Amino acid sequence: MNTKYSKKIILILVIALPLFTLAQDDNDLKSFYIKKAKESTVEQIRLDFSVPDIPAFKALGNDPSNILRPSSAKDLAFMIGSFRSSGNFLIPKNFSLEIAPGLLLKPWYRLEDYQQKAGIRFLTKLRISAGSDANDATGINSLAAGIRMTFLDKGDFRKDTTFLKTEIFDKQDKYTNAWKKYRDEIMVERGLTPSQYDALSQANKDDILNEAKEKVGFDLDLDIANALKEYKKTHWNESRIDFAYAILSKSPDSLLAKIKTEKHSFWLAIALKPWRNNTWGQFLFGINNNVVKNNDKFYNEFSGNFRFYVGANRVKGFLEAQYQNLDNSAKRKETLYSQIGIEVAIYKSIWIHFGTGVLNALNGSAKSELQSNLNLYLSFPENFKLF
Amino acid sequence: MYHVKFDPNGQLIKIQIDYFGTLTASYVYTLWEKNSNAKADEKSGNNQNSQDDKYELPSPVQQNAERIIEVFSTLTNPDVTDSREIVAIKILQGNTTLFSEEDPTGVQIAGENFSVVEEKIVQAGTTELSDPFIKLIV
């Protein structure tokens, strides 16, 4: 984004800040609304655009720090085998697992196949997750499973042959040739023939390889990471479609046989670049639906969003609309929310998200007074990855 | 060290280098002289496409006895998730694939039989080395 636009955004923020302060201090009604909007509406909008990376953990309501990630089909079979006892399958306690089938299977495709075949790209990005949680107080065991899929990813650098050539292959070729050249020189210095070198222990080989690597004079991984960072800056608005589904089940004890389904959730996020060479805009469509069981009856919670971004990766303005229909045993709420706002990354993943909009209660318990609002909040955005 | 037997009176020997997976790979193929640091041949390339990674070994064929083939490959994973990559080397004499004594039936990938295969799991944001040595014997 150029300086002219940045200045305009700062100006808008400066004008809007006093409005927020007024809204907070004005009267109970507005204060109540801001609080309500933040908790039930605005937060919901943020989450709805974010297809969770690990849907099973989202369904469980916790995000464990220790996630098992088997790297072979054998590891996975071993893990699952340990959940069996006396002929019954048991729900493991506080267990979390994420499987990338593309990593479990031996790759049978080349990079050029990946670039040309959508099915291969789909499989390599597929993620399956599972998690469990035991509540010691109630004795209820929860088990969740989820799947995350990417149907389209135009921002995938692996498909960009020009980027690969100039920013990765050229550097990697140079690095590999230099590393090998210095390794060969060290072999000669130490009087090692190729046979003798190959017969060395891995530790001794590593010593030689590390010494040769230091002479190369540049860090390939760092150079490529920086190139990718730049790539993301210029390709932030590429089209992408993500989908995730999760199921949550509960059992009164640890036996899998007594388990009952409590919740189904799905998320769909579609990001579209307005046209081919556009670098400043993006359309976002998001859908989140939860089917939740309450007193032996299932209720539906739906929200659909549309957002249009204008700007650059770390500074962008947006227009947004959300339709939400929450139906549960206590009440039914149907709302339409629209807002205009700005998102600015001030440091790494710390973002300021400012929005002002109008909420229309179409049905249910929301009061008619709550038809307009102004919000300002600081947030750590959800892990919404466009790349 | 792998050992691959060839017919000294047979047709030309060729080497084909392939990569399976989504990572970028770059290699230096070296044909080392017998018990020496002298090089009979050296070529470099990458997996931008798989058509140009085939090389003929020098003729006459019998002079390749006891020479060593080295394929020094770097596998780079710039992504945020770990990835599996296979380096697959095919040594052919004429149109016949030669297998190593260590793996006499070869290793099948994508319906093709390869002479020597190395598999690596490359962690996100890192580069791994694959460096098999193959001695040609008669």
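The values are calculated or read from the model by the stated rules, or taken from the named source; none is laboratory data. Computed from a predicted model, the values in this text were never measured in an experiment. Backbone-built Cβ (ideal geometry, glycine too); neighbour counts: all protein chains shown. These area figures cover heavy atoms from the full protein model, side chains too; ligands, DNA and RNA do not enter into them. Shrake-Rupley method; radii C 1.70, N 1.55, O 1.52, S 1.80 Å.
Within the range A:172-183, work out how many residues are within 9 Å of chain B (Cβ to nearest Cβ) and open to solvent by 40 Å² or more (accessible area, probe 1.4 Å).
3
Tell me which residues, restricted to the range A:193-212, are within 12 Å of another protein chain (Cβ to nearest Cβ) and open to solvent by less than 80 Å² (accessible area, probe 1.4 Å). Show your work before the answer.
Of all residues in the range A:193-212, those within 12 Å of another protein chain (Cβ to nearest Cβ) come to A:193-200, A:202, A:205-206, A:208-210, A:212.
Of everything in the range A:193-212, those that are within 12 Å of another protein chain (Cβ to nearest Cβ) and open to solvent by less than 80 Å² (accessible area, probe 1.4 Å) turn out to be A:193, A:194, A:195, A:197, A:198, A:200, A:205, A:206, A:208, A:209, A:210, A:212.
Could you look through the range B:81-134, keep only residues that are open to solvent by less than 40 Å² (accessible area, probe 1.4 Å) and of a type in the set (Lys, Arg), and pick out the one that is modelled with the highest pLDDT?
B:90
Check the range A:274-289 and report whether any residue there is hydroxyl-bearing (Ser, Thr, Tyr) and touching a Lys or Arg at 6+ places or on another chain (Cβ under 7 Å).
no
Read through the list (1) farther than 30 Å from residue A:60 by Cβ; (2) assigned to a strand (DSSP E or B), then give the number of the only condition that residue A:279 fails.
Condition not satisfied by residue A:279: (2).
How many residues, within the range A:213-222, are within 14 Å of chain B (Cβ to nearest Cβ) and open to solvent by less than 80 Å² (accessible area, probe 1.4 Å)?
Qualifying residue count, the range A:213-222: 5.
State the number of residues belonging to the range B:94-134 that are at the interface with chain A (Cβ under 9 Å from one of its Cβ atoms), more than 16 Å from the chain's Cα centre (by Cα) and closer than 16 Å to residue A:105 by Cα.
So the count comes out to 3.
Kindly check whether there is at least one residue in the range B:1-12 that is within 7 Å of another protein chain (Cβ to nearest Cβ), within 20 Å of residue B:98 (Cα to Cα) and either at pLDDT below 95 or open to solvent by 10 Å² or more (accessible area, probe 1.4 Å) (or both).
Looking through the range B:1-12, at least one residue is within 7 Å of another protein chain (Cβ to nearest Cβ), within 20 Å of residue B:98 (Cα to Cα) and either at pLDDT below 95 or open to solvent by 10 Å² or more (accessible area, probe 1.4 Å) (or both).
Quick one: in the range B:49-72, of everything that is closer than 19 Å to residue B:118 by Cα and at the interface with chain A (Cβ under 7 Å from one of its Cβ atoms), which residue is most open to solvent (accessible area, probe 1.4 Å)?
Here the residue is B:50.
Can you tell which of B:44, B:50 is modelled with pLDDT under 95 and of a type in the set (Ser, Thr, Tyr)?
Sole residue among the options that is modelled with pLDDT under 95 and of a type in the set (Ser, Thr, Tyr): B:50.
Please indicate, with yes or no, whether at least one residue in the range A:254-265 is closer than 30 Å to residue A:345 by Cβ and surrounded by 15 or more Cβ atoms within 10 Å (Cβ to Cβ).
yes
Checking residue A:225 against (1) modelled with pLDDT of 90 or more; (2) surrounded by 14 or more Cβ atoms within 10 Å (Cβ to Cβ), only one condition comes out false. Which one?
Checking residue A:225 against (1) modelled with pLDDT of 90 or more; (2) surrounded by 14 or more Cβ atoms within 10 Å (Cβ to Cβ), the one that fails is (2).
Please work out if residue A:298 is free of Cβ contacts under 8 Å to residues at least 40 places away in the same chain and within 22 Å of residue A:242 (Cβ to Cβ).
The answer is no for residue A:298.
Mind listing just one residue for me: the one in the range B:14-45 that is open to solvent by 20 Å² or more (accessible area, probe 1.4 Å) and at the interface with chain A (Cβ under 8 Å from one of its Cβ atoms) and, of those, farthest from residue A:179 (Cα to Cα)?
B:35
Out of A:319, A:326, A:336, which single residue is surrounded by fewer than 17 Cβ atoms within 10 Å (Cβ to Cβ) and touching a residue at least 24 places away in the same chain (Cβ under 8 Å)? Walk me through how you get there before you give the answer.
Values: A:319 fails: touching a residue at least 24 places away in the same chain (Cβ under 8 Å); A:326 fails: surrounded by fewer than 17 Cβ atoms within 10 Å (Cβ to Cβ).
Only one candidate passes the filter, namely A:336.
Would you mind telling me which numbered condition in (1) open to solvent by less than 50 Å² (accessible area, probe 1.4 Å); (2) assigned to a helix (DSSP H, G or I); (3) aromatic (Phe, Trp, Tyr) residue A:109 fails?
Going through the list (1) open to solvent by less than 50 Å² (accessible area, probe 1.4 Å); (2) assigned to a helix (DSSP H, G or I); (3) aromatic (Phe, Trp, Tyr), residue A:109 breaks only (2).
Restricting to the range A:142-165, count the residues that are assigned to a helix (DSSP H, G or I) and either open to solvent by less than 70 Å² (accessible area, probe 1.4 Å) or more than 12 Å from chain B (Cβ to nearest Cβ) (or both).
4
Quick test of your reading of the structure: residue A:246 fulfils all but one of (1) in contact with a His (Cβ under 8 Å, 6 or more places away or on another chain); (2) within 11 Å of another protein chain (Cβ to nearest Cβ). Name the failing condition by number.
All conditions pass for residue A:246, except number (2).
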